[in-house]
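Below is one structure, written out as structure tokens; the observations come after it.
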Amino acid sequence: MVILITGGCGFIGSNFIRVILQAREDVEVINVDKLTYAGNLANLLDVKGHFSTRYRFIKGDIADKDFVKEVFEKFDPDWIVHFAAESHVDRSILEPEDFIRTNIYGTYNLLEFSRMSWPLEDSRSLAKKRFLQISTDEVYGSLGETGLFTEKSPYDPSSPYSASKAASDHLAKAYFRTYALPVIITNSSNNYGPYQFPEKLIPLTITNARKGVELPVYGDGKNVRDWLFVEDHCSALLCVLDKGIPGECYNIGGHCEKENIEVVHTICDLLDERLGRTEGRPRRDLIKFVTDRPGHDRRYAIDPSKIKKLGWQPRVSFEEGIRTTIEWLLENTPWVENILNGTYRDYYKKQYGESVNGHP
Ligand code: NAD
Ligand code: TDX
């Protein structure tokens, strides 16, 4: 079984590669990643060592048609698990173009080459194929004070990021309806955990609070996100690959709504407890309320009943997950420092040499 994983050097993709290689001995992973600023080969150093016969990395851009064609011809994948994306909302507000290119056009390329390579007329062979489109709850836009997103909630994206994810989900659905491509879409809530790039709220706050640097909180800090530990997201994806029905969408979340300010307070208090106060002052003093994000969605919250019917449930509480994340970042100081000083971008040259152009 050959699985093509896109964006496997990012946060969720790298966690998922580790999980699936451990869970499934019959699986060979081809990880295709462009290594943008968010892609880090250090996220997979242990995987490269432990699973060298079943894991292969190829540097490349899903928006490059020739590259994607070459990958499909060479590896003839059974499953596509598509994580690759520009993923940060604030960046999409400043410079949307890469979001359109990667998230929409890149997804189109993968769908199109799947359509051309898979035996759409032979239902028995096709039954083994899967195209898993990893999406987000942000496509549904914002909730008011009550209610939950279900799979039937209308798409109503607010940012260039969520609009680009919504567009790619629509394409994926269209490929199921038009060509019977066995597409499944998952819409997950906010993830956190090891290997998350320190631009996102939780790792940014931990990194800054540890150093005693200002903690930016947008607006009044009362926007609500529904937090999910990354390993629970990965187990949900395994469950959907195993038991999900093509053409269906599954919302993934663990009923863990928190206001941003509560998350920041928790991190400050845990770090005070773990490291002592910074210059005698509680870390909460580092909080700075800053100008709000334009189009900032007020509240996200997932109704996960549908995926729970497949037998999935989250195992890690926020209290446990946030402690694990803090400990991981404290134990992996070089991982963070190499990102902050930019040297993480040299891993490719060190591991694969300058002569490799990245093509298979
Ligand atoms: P990330 O930004 O950490 O990683 C993205 C990865 O994709 C990087 O390794 C990057 O190099 C790669 N990539 C970007 N453009 C590419 C291209 N053109 N070709 C090949 N590779 C490319 O993102 P993440 O947080 O791990 O998110 C992964 C997926 O999950 C995304 O599709 C995102 O929309 C979705 N998602 C994320 C969250 C979350 O909370 N982080 C929640 C729900 C859904
Ligand atoms: O410095 C900050 N201060 C702050 O108040 C940052 C970076 C964020 N925030 C707020 C904005 C959001 O309300 O915290 C909340 C979380 O922000 P992000 O970590 O940027 O995540 P979000 O915008 O919710 O999107 C994330 O979850 C859904 C991922 O980045 C997306 O890829 C995913 O689809």
Just to be sure I understand the model, the point goes 7 Å from the Cα along the line to the Cβ. What's the resulting Glu273 to Asp122 distance in nm? 5.8
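Where Rh is the Kirkwood radius over the Cα pairs of the chain, the temperature 10 °C and the viscosity 1.306 mPa s, what D in µm²/s does Stokes-Einstein return? Write down the numbers at each step before the final one.
Numbers: Rh = 21.0 Å.
So the translational diffusion coefficient is about 76 µm²/s.
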Each residue of the range 272-285 in turn: what ³J(HN,Hα) in whole Hz from Karplus with 6.51, -1.76, 1.60 and θ = phi - 60°, glycine and Pro shown as x? 4, 5, 7, 10, x, 5, 9, 6, x, 10, x, 5, 4, 5
Could you check which residue among Leu228, Leu94, Leu330 shows the biggest mean-square fluctuation in a GNM of the chain with a 10 Å Cα cutoff? Leu94
Relative contact order for the chain, counting Cα pairs under 8 Å that sit 6 or more residues apart, in percent: 19
Regression test value, accessible area per residue of the chain, probe 1.4 Å, units Å², expected 44
Scan around Phe57 for amide H atoms under 5 Å from its own, H built in the peptide plane at 1.01 Å from N, and keep only partners 5 or more places away or cross-chain. Asn31
Search the structure for amide H atoms under 5 Å from the amide H of Asp156, placed 1.01 Å from N in the peptide plane, and list their residues when 5 or more places away or on another chain. Tyr140, Gly141
Calc'd 3J(HN,Hα), the range 326-342, phi into Karplus 6.51 cos²θ - 1.76 cosθ + 1.60 (θ = phi - 60°), Hz, glycine/Pro = x, comes to 4, 4, 4, 5, 5, 6, 10, 3, x, 4, 5, 4, 5, 6, 5, 9, x
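Going through the range 120-185, which GluC sites (Glu not before Pro) have at most 12 other Cβ atoms within 10 Å and a DSSP loop state?
Numbers: sites: Glu121, Glu138, Glu145, Glu151; in loops: Glu121, Glu145, Glu151.
Sites meeting the loop and neighbour criteria: Glu121, Glu145.
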Using DSSP, restrict attention to beta bridges with both residues in the chain and report what percent are antiparallel, rounded to the nearest 5. 10
Which residues in the range 111-145 have a backbone N closer than 13 Å to a point placed 7 Å from the Cα of Arg24 along the Cα-to-Cβ line? 128-133
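Work out the FRET efficiency for Ile245 and His50 from their Cβ-Cβ distance, taking R0 = 41 Å, and round it to the nearest 0.05. Could the numbers behind the result be given before it?
Working: r = 33 Å, r/R0 = 0.80.
My answer for the efficiency is 0.80.
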Enumerate the calculated ³J(HN,Hα) couplings along the range 142-154 in order (Karplus 6.51 cos²θ - 1.76 cosθ + 1.60, θ = phi - 60°), each rounded to whole Hz, writing x wherever the residue is Gly or Pro. 9, 8, x, 5, 10, x, 9, 6, 10, 5, 9, 4, x
Taking H as built 1.01 Å from N, whose amide H comes closer than 5 Å to the amide H of Phe131, not counting residues under 5 places away? Ile80, Val183, Ile184
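The values are calculated or read from the model by the stated rules, or taken from the named source; none is laboratory data. Keep in mind that what you see is a predicted model, and the values were worked out from it rather than measured. Backbone-built Cβ (ideal geometry, glycine too); neighbour counts: all protein chains shown. The protein model used for the area step is the full one, side chains on, heavy atoms only, and it has no ligands, DNA or RNA in it. Shrake-Rupley method; radii C 1.70, N 1.55, O 1.52, S 1.80 Å.
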